[in-house]
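Chemist: The structure under discussion is supplied below as structure tokens; questions concerning it will follow.
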Amino acid sequence: MRLLQVSHRLLVALFMHCEFWFFAVVYASGSSISVRQTDIPTGWYPYSCFIDNTSAGRLLTTNSGLPSNTMTKVVCIEYCAANNWTYAGVEDGGDCYCDELFHENGWQGTDSSECNMPCNGDPTQTCGGPNRIDVYWNGDFYTPSSPATLSRSYWSYGGCFEDSPSQRTLSAQEAAYGGVTPATCADACAFNGYTVMGTEYGGECWCGNSTGAAAQVPDTECAMTCSADRDYLCGDANRLSVYHHNPPPPESYTNQCITELPTWLNSSHFSLLADPKEPSTSGSGWDGMSSFSSSGGSLIPESSYLNGVAPMISLDLTPGESVIFQTQSTLPAGYNGYTGYCASDDPYPPEQSMGNSPTDGPVLLGNGHADDWAMCLNSTAFPINRLDLVFQPKANHPNYNLEECIAVDLWLE
């Protein structure tokens, strides 16, 4: 047990037991002593007591808005943890603040005895003091940032810009799958054909093709972390963290079968990776087709060999339709499946394929084309909006909307 602080009224000790940090708070009044032991959620640690609410502002800027009369340190930490914050702080007996970093310039620690005000929700616990905040930390050392470029993409950071509800810098607000981050917002804007995107107020995604006459301001004014991922910055109130789209490298599909596979690629055991031609910033593509083997130009899912199940083979590849497999024993005798699949050369120049080709290997060709694959949301299948691999998608299809299809390359790996 390590003694942290001793005063004439209060003893505070900290010890570790069963993966929890515990505070043993001992009140001394005359000859009587009462003990209250409270646990801190796993993964959180006491940081220090700080002077707060000075002329420099708040140390932690996000007010939880939780009821003051039920406040305890655990209530505050659990709220901040649920909202992906790195720091939690209790103050004045009933206030709870969260943040990803300290905001006061020249912030100043003080003696822990100044953070000894009883919590409104449990007077046997302490919750900071007047203009004194008791801070807890989840151990994350990462400093939030606006990345210069977005991984596996052609988006680059362009700076912090002013915005206004009455005159938007970027006109279209888009929903970002999985919550707003620089990566998911870039995906949403690229999918809708925009070349400029910006994140704002921690959780808004805006798209356009120009920032127009909007003024660029110092990056320090885009200091709000993204609600979906506190490791990244998402603008601020009326401030946009702006990114510009750069043209992708040129593609050059031979649409010819190669006669010799790379030595590392086994034709009897390989996977297919469907990767967007406009590379996704937030993921590595779709590995929905998993493992296959090839026989005479047909595809055979390896899963069909498991548990004695009769093997399945690929059926004819039809423009506008999904890739389909069927149990071979149910097909006409002598039909060995569609045999028009083969490997074709990497369509991207070697010096430009970094971030485009996940394997730097060949792509799958079907019906003489390696450049006509797409992922489409199937609105009629179960589960709803299942991603299907479609060859040469077409308009007015009963199972998908052409506008919701994403062009992909099918990499063999």
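Chemist: What tally of residues in region 209-231 results from selecting those that are modelled with pLDDT of 90 or more and either in contact with a helix residue (DSSP H, G or I) (Cβ under 6 Å, 6 or more places away or on another chain) or open to solvent by 50 Å² or more (accessible area, probe 1.4 Å) (or both)?
Modeler: Residues meeting the conditions: 8.
Chemist: Next question. Of the conditions (1) under 26 Å from Asn238 (Cβ atoms); (2) at pLDDT below 95; (3) touching a Ser or Thr at 6+ places or on another chain (Cβ under 6 Å), Glu104 satisfies every one except a single condition; which number is it?
Modeler: Glu104 satisfies all of (1) under 26 Å from Asn238 (Cβ atoms); (2) at pLDDT below 95; (3) touching a Ser or Thr at 6+ places or on another chain (Cβ under 6 Å) except (3).
Chemist: Kindly indicate the residue of region 391-413 that is among the hydrophobic types (A, V, I, L, M, F, W, C) and within 27 Å of the chain's Cα centre (by Cα) and also nearest to Asp187 (Cα to Cα) among those meeting that condition.
Modeler: Within region 391-413, the first condition is being among the hydrophobic types (A, V, I, L, M, F, W, C), and the residues that meet it are 391, 395, 402, 405-408, 410-412.
Narrowing the set further to residues that are within 27 Å of the chain's Cα centre (by Cα) leaves 402, 405-408, 410-412.
On the way: Leu402: 18, Cys405: 14, Ile406: 11, Ala407: 13, Val408: 14, Leu410: 19, Trp411: 20, Leu412: 24 Å.
Among those that are among the hydrophobic types (A, V, I, L, M, F, W, C) and within 27 Å of the chain's Cα centre (by Cα), it is Ile406.
Chemist: Could you check Gly139 against (1) part of a loop (DSSP other than H, G, I, E, B); (2) under 19 Å from Thr199 (Cβ atoms) and say which number it fails?
Modeler: Every condition holds for Gly139 apart from (2).
Chemist: Taking only pairs six or more apart or across chains, which ones have beta-carbon atoms under 6 Å, a first residue in region 60-82 that is in a helix (DSSP H, G or I), and a second residue that is open to solvent by less than 10 Å² (accessible area, probe 1.4 Å) and of a type in the set (Gly, Ala, Ser)?
Modeler: Ser68/Gly94; Cys76/Ala88; Ile77/Ala88; Cys80/Ala88
Chemist: Please specify each residue of region 63-84 satisfying the condition of being buried (at least 23 other Cβ atoms within 10 Å of the Cβ) and touching a Phe, Trp or Tyr at 6+ places or on another chain (Cβ under 9 Å).
Modeler: Lys73, Cys76, Ile77, Cys80
Chemist: Out of (1) of a type outside the set (Val, Ile, Thr); (2) out of contact with any strand residue (DSSP E or B) (no Cβ under 6 Å at 6 or more places or on another chain); (3) at pLDDT 80 or above; (4) open to solvent by less than 70 Å² (accessible area, probe 1.4 Å), the odd one out for Ser271 is which?
Modeler: Unmet condition: (2).
Chemist: Next question, about the same structure. Does region 182-200 contain at least one residue that is touching a helix residue (DSSP H, G or I) at 6+ places or on another chain (Cβ under 6 Å) and buried (at least 18 other Cβ atoms within 10 Å of the Cβ)?
Modeler: yes
Chemist: Output the number of the condition that Gly139 fails; it satisfies all remaining conditions of (1) open to solvent by 70 Å² or more (accessible area, probe 1.4 Å); (2) at positive phi.
Modeler: Every listed condition holds for Gly139 apart from (1).
Chemist: Inside region 147-192, can you point out the residues that are among the polar types (S, T, N, Q) and within 30 Å of Asp95 (Cβ to Cβ)? Let's see the steps before the verdict.
Modeler: Narrowing region 147-192 to residues among the polar types (S, T, N, Q): 149, 151, 153, 156, 164, 166-167, 169, 171, 173, 181, 184, 192.
Residue satisfying the conditions is Thr181 alone.
Chemist: Scanning region 169-181 for residues that are buried (at least 17 other Cβ atoms within 10 Å of the Cβ) and farther than 13 Å from Cys234 by Cβ, which turns out modelled with the lowest pLDDT?
Modeler: Here the residue is Glu174.
Chemist: Follow-up. Could you count how many residues in region 86-136 are open to solvent by 50 Å² or more (accessible area, probe 1.4 Å) and in a loop (DSSP other than H, G, I, E, B)?
Modeler: Residues meeting the conditions: 12.
Chemist: For region 384-413, enumerate the residues that are closer than 16 Å to Lys277 by Cβ and assigned to a loop (DSSP other than H, G, I, E, B).
Modeler: Gln392, Pro393, Cys405 - these are the residues of region 384-413 that are closer than 16 Å to Lys277 by Cβ and assigned to a loop (DSSP other than H, G, I, E, B).
Chemist: So which strands (runs of 3 or more DSSP E) are wholly in region 181-273 and hold at least 2 residues that are of a type in the set (A, V, I, L, M)? Break it down stepwise before answering.
Modeler: Details: elements: 196-200, 204-208, 229-233, 239-245.
In region 181-273, the matching strands (runs of 3 or more DSSP E) lie at 196-200, 239-245.
Chemist: Output yes when any residue across region 39-46 is open to solvent by 50 Å² or more (accessible area, probe 1.4 Å), without any contact (Cβ under 8 Å) to a residue 40 or more places away in the chain and out of contact with any strand residue (DSSP E or B) (no Cβ under 8 Å at 6 or more places or on another chain), and no when none is.
Modeler: Start the filter on region 39-46 by keeping residues that are open to solvent by 50 Å² or more (accessible area, probe 1.4 Å), which leaves 39, 42, 45.
Filter again for without any contact (Cβ under 8 Å) to a residue 40 or more places away in the chain, leaving 39, 42.
From the residues that got through so far, the ones that are out of contact with any strand residue (DSSP E or B) (no Cβ under 8 Å at 6 or more places or on another chain) too are none.
No: region 39-46 contains no residue that is open to solvent by 50 Å² or more (accessible area, probe 1.4 Å), without any contact (Cβ under 8 Å) to a residue 40 or more places away in the chain and out of contact with any strand residue (DSSP E or B) (no Cβ under 8 Å at 6 or more places or on another chain).
Chemist: Could you tell me which residue of region 375-411 is surrounded by the fewest Cβ atoms within 10 Å (Cβ to Cβ), considering only residues that are small (Gly, Ala, Ser) and free of Cβ contacts under 8 Å to residues at least 60 places away in the same chain?
Modeler: My answer is Ala395.
The values are calculated or read from the model by the stated rules, or taken from the named source; none is laboratory data. All values reported here derive from a predicted model rather than from experimental measurement. No Cβ is skipped: glycine too gets one built from the backbone with ideal geometry, and neighbour counts run over all protein chains shown. Please note that ligands, DNA and RNA were not included when accessible areas were found on the heavy atoms of the full protein model with its side chains. Shrake-Rupley method; radii C 1.70, N 1.55, O 1.52, S 1.80 Å.
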